[in-house]
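The values are calculated or read from the model by the stated rules, or taken from the named source; none is laboratory data. These numbers were taken from a predicted model, which means no experiment stands behind them. Here the Cβ positions follow ideal geometry from the backbone for every residue, glycine too, while neighbour counts run over all protein chains shown. We work out accessible area using only protein heavy atoms, side chains counted, and drop any ligands, DNA or RNA first. Shrake-Rupley method; radii C 1.70, N 1.55, O 1.52, S 1.80 Å.
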Amino acid sequence: MRQGKIIRVAGPLVVASECLGAKMYDMVRVGSLGLIGEIIELNNDQAYIQVYEDTTGVGPGEPVFLTERPLSVELGPGLLGSIYDGIQRPLDVIRAKQGFYISRGIEISALNREKSWQFEPAKKKGDRVLVGDIIGYVQETPLIQHRIMVPENCPGEIIEIKEGEFLVTDSVCKIKTESGEEKELNLFQVWPIRRQRPVKERLMPVEPLITGQRILDMLFPLAKGGTACVPGPFGSGKTVVQHQLAKWSDAQIIVYVACGERGNEVADLLLSFPELKDPTTGRPLLERTIIIANTSNMPVAAREASIYTGMTIAEYFRDMGYSVALMADSSSRWAEALREIGGRMEEMPGDEGYPAYLASRLAEFYERAGKVSCLGSDDRAGALSVIGAVSPPGGDLSDPVVQATLKVVKVFWALDDRLANMRHFPAINWLQSYSLYQESLKKYFSEKIAEDFVELSQEAMRLLELEDELQEIARLIGVESLSFKERLILETARSIREDFLHQNAFHPQDTYTSLKKQYLMLRTILGFHHQANQALDEGIEFNRIVSLEVRESIAKMKYLPEDEEELLKVEKEIKTSFKALQDNRTKGEDHA
């Protein structure tokens, strides 16, 4: 292995000389400990290396070992249920071998080399295969079937394929390529983390990622293959929102990247996920989840590696034809790492000290999301949705990281600490948030749920916007000065906020709501509003309308089971209540 020599150490940045022939983003081993690093700049024979481990004690004169290959991840059976650090070292294996602390320079394979997997071939001898074709299956967990795909540079004719139990390193298939070369395929492949995995074609996202969170699904939906940004100040619930999405969204695979998160939040994630059950199958949620745990006390440069490691693993499962959701929490801490490395390299800073290339790096990351037609001879589609949390200082949405992110994502869920302090969950501000997928999802909602699904959500938003305007007037001249119809708007908007948008993440019924139930709940609330408006036109007193007992039933709808008949009973109760009001008024007139 070729060697360079360290000439300068500045925290996570190491400069080495005698590195002619090295390439950008090559992985290197730094110092006598063999710390993992990556070349981020080349100048003559000097290589600037960001080191993903603590460089304390490393000094000039020590060797740098050039591996002459890019920083890569291992992709194969054994990924699901694993917990890795930012450079794909399995934390559970490290703990079993040496305790709770990671030794610097430790080398441990990402995939278990001793566990055998049952391989079922999907192709036979003599079949011609293309890059991306599925040659066989491994039932990795009861929830997920791992599809073994032909890696790049290996199209050709199968001359041998086996069935049985194999280690990930064992050869299961032999292919004769177009050039006549024979290549052996095993159960895993290696892929550089900074390079996008190729696809056949990019498709338009037309199906929603159903989260079970009413404010998201009904008002600001995210498409499968879409991108979303969740900015908010400290304590507003970014991590809790992402935990809810990881638990309840209908993605088949979840990749959760804790990028520079506080240790207690990561510990909560690691303790809670193994105990959670998948809502559709009842199996442990960890059987379809991969966690990249990078905490704030780990070396700052490793935040960048954790983001790319998670993305590459997510792309791999997308290429199998699965719907994957990647949670990145949070990209602000990755941006802080870029700022620190940029400062060490004496680069010209941009806004607030962030590097000038911050926006392009964020764009490169988010553009790897999407719904795609996967490589291979079959017609296979996969989707990768990316939800990135952003932690701007003080919740300032003009922060460069937020603004750069908003330029590339199509859904904006703005968290509000005022709502969080009021114990309103999810604390997403409905007046600041938006989704640009509503038009492309309209057909899905109309066909699968109800024709007026989108119209209902738009009417609810109009009432919430009117409420904001009327509250401003009411603060100045008092609620009593408003007309009864305006006061009814305030009452209906309050019902939408408290009875529909507010959810209890700890209540078994309220933590998740199906699209059908969401539609029926909102239709009931707006149905009451329409009948109340009509009653006002007919001269019925406002106080009698808002005092109806059926409003208590509307408030309790969120706790009802997923039973359409139970929800329709509330609508019938509303009609009965207004008919009783009308009858009483008619009797009163007749009596008079």
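Mind jotting down the distance between the C-alpha centroids of region 181-255 and region 268-334, whole Å?
Region 268-334 and region 181-255 have Cα centres separated by 10 Å.
With every protein chain present, what accessible area does Lys23 have (1.4 Å probe, heavy atoms only), rounded to the nearest 10 Å²?
Only protein atoms counted, so the area is about 130 Å².
Give the relative contact order (percent, whole number) for region 216-361; include only Cα pairs under 8 Å separated by 6+ residues.
Dividing the mean separation by the residue count of region 216-361 yields 27 percent.
Order Ile135, Ile87, most accessible first, counting only protein heavy atoms with a 1.4 angstrom probe.
The ranking, largest first, comes out as Ile87, Ile135.
Leaving ligands and nucleic acids out of the surface, order Phe234, Phe506 by accessible area at 1.4 Å, largest first.
Phe506, Phe234
Could you provide, to the nearest whole Å², the per residue accessible area of region 185-279 with probe 1.4 Å?
Counting only protein heavy atoms, the per-residue value for region 185-279 is 33 Å².
What are the extents of the Cα atoms of region 210-358 along their three principal axes, in Å, largest first?
53, 35, 32 Å, listed from the longest principal axis down.
For Asp170 paired with Glu68, estimate the spin-label separation in nm (one decimal), with each label point 7 Å from Cα along the Cα-to-Cβ line.
Between Asp170 and Glu68, the simple spin-label model gives 3.3 nm.
Determine how large the accessible area of His529 is when every protein chain is in place; take a 1.4 Å probe and give Å² rounded to the nearest 10.
Here the accessible area works out near 10 Å².
What is the helix-to-structure angle for 453-477, meaning the angle in degrees between its Cα long axis and the longest Cα principal axis of the chain, kept from 0 to 90 and rounded to the nearest 10?
Helix 453-477 sits roughly 70 degrees off the main axis of the chain.
Counting Lys +1, Arg +1, Asp -1, Glu -1, what net charge surrounds Tyr316 among other residues with beta carbon under 13 Å of its beta carbon?
0
Only four residue types carry charge here, +1 at the Cβ of Lys and Arg and -1 at the Cβ of Asp and Glu. Report the dipole size of the chain about the Cα centre in Debye, rounded to the nearest 20.
860
Looking at this model, which pairs from Lys247/Lys575; Lys5/Lys174; Lys407/Lys442; Lys123/Lys200 are more than 31 angstrom apart at the alpha-carbon?
Lys247/Lys575; Lys5/Lys174, as the Cα separations exceed 31 Å there.
Going by the alpha-carbon gyration tensor, a ≥ b ≥ c the square roots of its eigenvalues, is region 454-537 rounded (a/c under 1.5) or, if a/c is not under 1.5, prolate (a/b greater than b/c) versus oblate?
The shape class here is prolate.
Relative contact order for the chain: what percent, with Cα pairs under 8 Å and sequence separation of 6 or more?
That works out to 13 percent.
Any chance you could look up the accessible area of Ser398 with a 1.4 Å probe, heavy atoms only, rounded to 10 Å²?
80
Lys/Arg Cβ at +1, Asp/Glu Cβ at -1, dipole of the chain taken about the Cα centre: which of Phe453, Val9, Ser331 is farthest positive-ward?
Of the listed residues, the answer is Val9.
Which of the three applies to the chain, rounded, prolate or oblate, going by the alpha-carbon gyration tensor with a ≥ b ≥ c and a/c under 1.5 meaning rounded?
Here the chain falls in the prolate category.
With unit charges on the beta carbons (Lys and Arg positive, Asp and Glu negative) and the dipole taken about the Cα centre of region 472-592, which residue among Ala580, Val570, Val479 sits farthest to the positive side?
Among Ala580, Val570, Val479, the one farthest towards the positive end of the dipole of region 472-592 is Val479.
Just the number, please: percent antiparallel of the DSSP beta bridges in the chain, rounded to the nearest 5.
Counting only bridges with both partners in the chain, antiparallel ones make up about 70 percent.
Please list Trp248, Trp413 from largest to smallest accessible area, probe radius 1.4 Å, with all protein chains kept in place.
Listed by decreasing accessible area, they come as Trp248, Trp413.
Does anyone have the angle between helix 331-344 and the longest principal axis of the chain? Alpha-carbon axes, 0 to 90°, nearest 10?
The angle comes out at about 40 degrees.
Along the three principal axes, how long is region 60-132 when you take its alpha carbons, biggest first, rounded to the nearest angstrom?
In descending order, the Cα extents are 56, 31, 18 Å.
Please give the charge dipole size of region 134-208, origin at the Cα centre, charges +1 on K and R Cβ atoms and -1 on D and E Cβ atoms. Round to the nearest 20 debye.
In debye, rounded to 20, region 134-208 gives about 400.
Could you tell me whether region 315-453 comes out rounded, prolate or oblate from its Cα gyration tensor? Rule is a ≥ b ≥ c as square roots of the eigenvalues, rounded for a/c under 1.5, then prolate if a/b exceeds b/c, otherwise oblate.
oblate
By how many degrees, 0 to 90 and rounded to 10, does the Cα axis of helix 263-272 deviate from the longest principal axis of the chain?
Tilt of helix 263-272: around 80 degrees.
Round to a whole number: what % of the accessible area of the chain belongs to carbon and sulfur, probe 1.4 Å?
Accessible surface attributable to carbon and sulfur in the chain totals 49 percent.
Counting Lys and Arg as +1 and Asp and Glu as -1, each charge on the Cβ, what is the dipole of region 225-322 about the Cα centre in debye, to the nearest 20?
100
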